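Undergrad: This is the structure, below, for whatever I ask next.
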Amino acid sequence: MKDFTILVVDDEKIQRESLVGFLKKKKYRTLAADSGERALELIDRHAVDLVLSDVKMTGISGYQLLREIKSRNPDIAVVMMTAFGEIADAVQAMKDGAFDYLTKPIDLDELEVIIERAERLNHLISENRQLKASLQERHRFGNIITSSPVMLEMLSVAARAAQSKAAVLIEGESGTGKELIAQAIHYAGKRGDRPLITVNCAAIPENLLESELFGHEKGAFTGAVAQKIGMVEKAHMGTLFLDEVGDIPLTVQVKLLRFLQFGEFQRVGGTEVKKVDVRLIAATNRNLRQLVAENKFREDFYYRLNVVNIHVPPLRKRKEDIPLLVDYFIKKFSTENDKPVRSLSKEAMDLLMKYDYPGNVRELENIIEQAVVLCREDVITKNDLPVTLSAGLTPAEVPPLEYYPGNFREKVEAFEKDLILDALKKHNFNQTRAARELGINERNLRYKIQKYHLR
């Protein structure tokens with residue numbers, strides 16, 4: 001018997017018994033109900049994974065049953081069974097949370113395909129829940145917020161990788177949360193109670209990186225006034241996380257390769273060969289395959305790193321997560337800033353959903369933090385959002401980030417300043433017309449004029 005329970009809900013006895021018989025032949029655990037009311041009773045008493053529900057029934061309709069099931073347990077997949085003429089309603093039901101729909105008479109081959117899909121999603125949700133439970137004990141996993149199938153699949157890979165000692169390479173654009181995934185893998189694994197040592201390879205000067213990683217002996221170079229223990233040694237029995245691994249120079253890659261192959265290294269200026277037991281996780285926002293082709297990254301080092309590959313998708317590829325992230329960030333920054341902001345308007349959410357986020361989750365976090373700080377009411381409106389969103393700009397219309405100096409926040413503010421100044425100049429500093437073009441109110445424009453000293 002398969003570890004997957006299906007509840008069939010249909011007030012037509014022949015249809016109900018026919019489906020139950022088919023499912024039992026396929027070795028599924030099966031329950032049956034002749035009404036929506038009976039279905040809810042069974043759901044309260046049994047662990048149900050999938051519900052196959054007729055749309056039109058006496059008493060509670062299939063759509064009402066769907067809403068009630070989702071309010072009780074959002075993880076239960078619900079498939080609507082409908083007549084051909086009711087397909088439009090079934091599509092609407094999918095928007096309301098239904099997993100899929102089937103038209104009558106039921107095509108059993110199509111039913112099998114849908115059940116297999118539901119089983120896979122159920123497995124991913126279960127693995128994700130297990131990973132969350134493990135990490136929440138250590139207060140580390142609460143920040144991974146998602147309902148996206150592609151993210152659930154990625155987290156499933158991460159959960160399996162966590163139980164091994166294999167090297168993991170996490171790839172993804174800046175701001176996608178690669179470090180958060182690295183932490184999740186570490187704390188969910190057998191080394192979770194051991195140290196997690198993080199090294200930002202891009203932030204350390206090339207001539208100091210080897211010493212930072214492997215340590216040095218006293219007198220090894222000018223300024224080495226005492227012996228130093230390196231990050232590799234500090235990570236013994238734990239995990240070493242190399243962030244921005246694509247920035248490691250070739251000379252250091254050679255020594256890291258030996259460390260990965262044999263677990264051995266020497267401190268700078270030392271002769272003693274030291275052995276450590278370290279699990280390695282690396283992350284990069286660069287295309288390492290391309291760097292290998294350009295002879296800027298060692299091929300043998302790349303394959304040693306890339307035993308398990310995890311790709312974190314950009315936010316524009318998982319926009320269903322935006323409302324969840326927005327809600328989380330509003331609560332976070334409202335608490336931090338002691339402000340009563342509780343939600344945002346539909347117009348503001350529409351703007352956020354249309355934007356493509358070149359800076360990914362980090363950019364969305366920055367947008368919501370700014371909006372919470374500037375918001376005067378308990379609801380964020382589109383006027384509280386950055387001008388780049390209110391003006392309806394697409395990423396193609398935004399100048400490249402390297403055009404502006406500074407960190408992410410400084411780049412965003414510099415672009416916003418340029419945009420406002422252009423609008424003011426265009427309308428001879430008439431604030432009413434400039435605000436209208438920018439899509440913000442005059443109060444917000446006056447605030448930004450003062451902020452950027454544009455008088």
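Undergrad: By counting other Cβ atoms within 10 Å of each Cβ, how are Leu240, Leu152 ranked from fewest to most? If you can, show how the numbers build up before the last one.
TA: On the way: Leu240 27, Leu152 18.
Fewest-to-most ranking of Leu240, Leu152: Leu152, Leu240.
Undergrad: Of Val55, Ser71, Gln370, which is farthest on the positive side of the dipole of the chain, counting Cα position, with +1 on Lys and Arg Cβ, -1 on Asp and Glu Cβ, and the Cα centre as origin?
TA: Of the listed residues, the answer is Gln370.
Undergrad: For the charge dipole of the chain, defined by +1 on Lys and Arg C-beta atoms and -1 on Asp and Glu C-beta atoms about the Cα centroid, which residue among Asn337, Ile380, Ala93 has the Cα displaced farthest towards the positive pole?
TA: Farthest towards the positive end: Asn337.
Undergrad: For Thr198, what residues show an amide H to amide H distance below 5 Å, using hydrogens built from the backbone and excluding near sequence neighbours?
TA: Phe241
Undergrad: Which value, in debye to the nearest 20, gives the size of the charge dipole of the chain about its Cα centre, when Lys and Arg are +1 and Asp and Glu are -1 at the Cβ? Each step should come with its number before you reach the end.
TA: On the way: 67 positive and 67 negative charges, 215 e Å.
Its charge dipole is roughly 1040 debye.
Undergrad: Next up: Sorted from largest down, what three extents in whole angstroms do the Cα atoms of region 211-301 have along their principal axes?
TA: So the three principal-axis extents are 39, 30, 20 Å.
Undergrad: Filter the trypsin sites (Lys or Arg not before Pro) in region 310-377 down to the DSSP loop ones having no more than 14 other Cβ atoms within 10 Å, then list what survives.
TA: On the way: sites: Arg316, Lys317, Arg318, Lys319, Lys331, Lys332, Arg342, Lys346, Lys354, Arg362, Arg376; in loops: Arg318, Arg342, Arg376.
Loop-located and lightly packed - Arg342, Arg376.
Undergrad: On a 32 Å Cα-Cα criterion, which of the cross-link pairs Lys165/Lys411; Lys165/Lys255; Lys190/Lys274 come out too long?
TA: On the way: Lys165/Lys411 39 Å; Lys165/Lys255 20 Å; Lys190/Lys274 23 Å.
Pairs exceeding 32 Å: Lys165/Lys411.
Undergrad: Of the listed pairs Lys70/Lys346; Lys332/Lys425; Lys331/Lys448; Lys178/Lys275; Lys339/Lys425, which have alpha-carbon separations greater than 30 Å here?
TA: The pairs that break the limit, which is 30 Å between Cα atoms, are Lys332/Lys425; Lys339/Lys425.
Undergrad: A further question follows. What are the trypsin sites (Lys or Arg not before Pro) within region 178-278 that DSSP puts in a loop, where the Cβ has at most 14 other Cβ atoms within 10 Å?
TA: Working: sites: Lys178, Lys190, Arg191, Lys218, Lys228, Lys234, Lys255, Arg258, Arg267, Lys274, Lys275; in loops: Lys190, Arg191, Lys218, Arg267.
Answer by residue number: Lys190, Lys218.
Undergrad: Take the Cα atoms of region 5-123, find their three principal axes, and give me the spread along each one in whole Å, biggest first.
TA: Here the spans come out as 31, 29, 28 Å, largest first.
Undergrad: Counting chymotrypsin sites (Phe, Trp or Tyr not before Pro) as exposed when in a DSSP loop with at most 16 other beta carbons within 10 Å, what is the longest stretch of the chain free of them?
TA: Numbers: sites that count: Phe221, Phe429, Tyr452.
Formally, the longest exposed-site-free interval is 1-220.
Undergrad: How high is the relative contact order of the chain, given as a whole-number percent (alpha carbon pairs under 8 Å, six or more residues apart)?
TA: 10
Undergrad: Just to check I understand the Karplus step: with θ = phi - 60° and J = 6.51 cos²θ - 1.76 cosθ + 1.60, what whole-Hz values come out for region 4-9, glycine and proline as x?
TA: Couplings: 7, 9, 10, 9, 9, 10 Hz.
Undergrad: Using square roots of five times the C-alpha gyration tensor eigenvalues, list the equivalent-ellipsoid semi-axes of region 1-64 in whole Å, biggest first. Working shown, then result.
TA: Numbers: eigenvalues 73, 39, 12 Å².
Gyration-tensor ellipsoid for region 1-64: 19, 14, 8 Å.
Undergrad: Kindly provide the GluC sites (Glu not before Pro) of region 260-314 that DSSP labels as loop, not H, G, I, E or B, and whose Cβ sees at most 15 other Cβ atoms within 10 Å.
TA: Working: sites: Glu264, Glu272, Glu294, Glu299; in loops: Glu272, Glu294.
For GluC sites (Glu not before Pro) across region 260-314 that sit outside H, G, I, E and B with at most 15 neighbouring Cβ atoms in 10 Å, the list reads Glu272, Glu294.
Undergrad: Under unit Cβ charges (Lys, Arg +1; Asp, Glu -1), what dipole magnitude, rounded to 20 debye, does region 5-123 have relative to its Cα centre? All intermediate terms of the calculation are to be shown ahead of the outcome.
TA: Details: 17 positive and 22 negative charges, 66 e Å.
In debye, rounded to 20, region 5-123 gives about 320.
Undergrad: Only one of the values (1) 29.3; (2) 25.0; (3) 26.2 was calculated from this structure for mean projected area of the Cα convex hull in nm²; name its label.
TA: (1)
Undergrad: Suppose the Debye formula is applied to equal point scatterers at every Cα of region 316-451; what is log10 I(q)/I(0) at q = 0.10, 0.15, 0.21 Å⁻¹?
TA: Debye output, listed in q order: -0.32, -0.73, -1.40.
Undergrad: Which lysines, on any chain, are close to Lys104 with Cα under 22 Å apart, when same-chain ones fewer than 8 places away are left out?
TA: Cross-link targets: Lys13, Lys24, Lys25, Lys26, Lys56, Lys95.
Undergrad: Let me ask you something else. On full extension of the chain, what length is gained from Met237 through His311, given 0.36 nm per residue of separation minus the C-alpha to C-alpha distance? Kindly include the intermediate steps, with their values, before the conclusion.
TA: On the way: separation 74, 0.36 × 74 = 26.64 nm, distance 2.60 nm.
My answer for the length gained is 24.0 nm.
Every number in this text was worked out from the coordinates using simple rules, so none of it is lab data. Everything numeric here is computed off the predicted structure, so don't read it as measured data. Here Cβ is always computed from backbone atoms with ideal geometry, including for glycine, and neighbour counts include all displayed protein chains.
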